[in-house]
């Protein structure tokens, strides 16, 4: 017997992207979800606002299934700013629940440049980029969390 299931590929996600401590004024964020049992790929992209903010609504699909299986959705977030690409999130979600991304941490070391936490509203990111002397950017901040 087949049955229909609701699959939450990713929960609501929002964030702020900073360059040298100030909001970036342009860029793109791409969310990729891969439903592992079918290898279906779902890609969404949003522009970063002039205030450095981005957001994605939950991505929910439904499918018919015959047998039970281990739910797995591979998620990734890629930020593109002025020709520089940074993967800020890679996660294998092992359920189909809203806000089902169980984090082993509340925040990542700020020197890495990405802070993430889960709230009732979904995943919240703060991304710090810093300018390099050659005009490129890098992901991260100084050890004190200061992007300068």
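Laboratory data are not the source of any read-out in this text; all were calculated from the coordinates shown. Given the structure is predicted, the values throughout are model-derived calculations rather than measurements. Quick reminder, even Gly has a Cβ in these numbers, built from the backbone with ideal geometry, and neighbours come from all protein chains shown.
The label-point distance for residue 84 and residue 124, in a model that sets each label 7 Å from Cα toward Cβ, rounds to 2.5 nm. Under the shape rule built on the C-alpha gyration tensor, where the axes satisfy a ≥ b ≥ c, region 1-49 is prolate, since a/c reaches at least 1.5 and a/b is greater than b/c.
Extension gain, residue 36-residue 72: 0.36 nm per intervening residue step, less the Cα-Cα distance, totals 12.4 nm. Comparing 115, 80, 40 in a Gaussian network model of the chain (Cα springs below 10 Å), the most mobile by mean-square fluctuation is 40. Counting only C-alpha contacts under 8 Å and six or more residues apart, can you give the relative contact order of the chain as a whole percent? Once divided by the residue count of the chain, the mean separation gives 27 percent. Taking a ≥ b ≥ c as the square roots of the eigenvalues of the Cα gyration tensor, an a/c ratio of 1.5 or more together with a/b larger than b/c marks region 21-93 as prolate.
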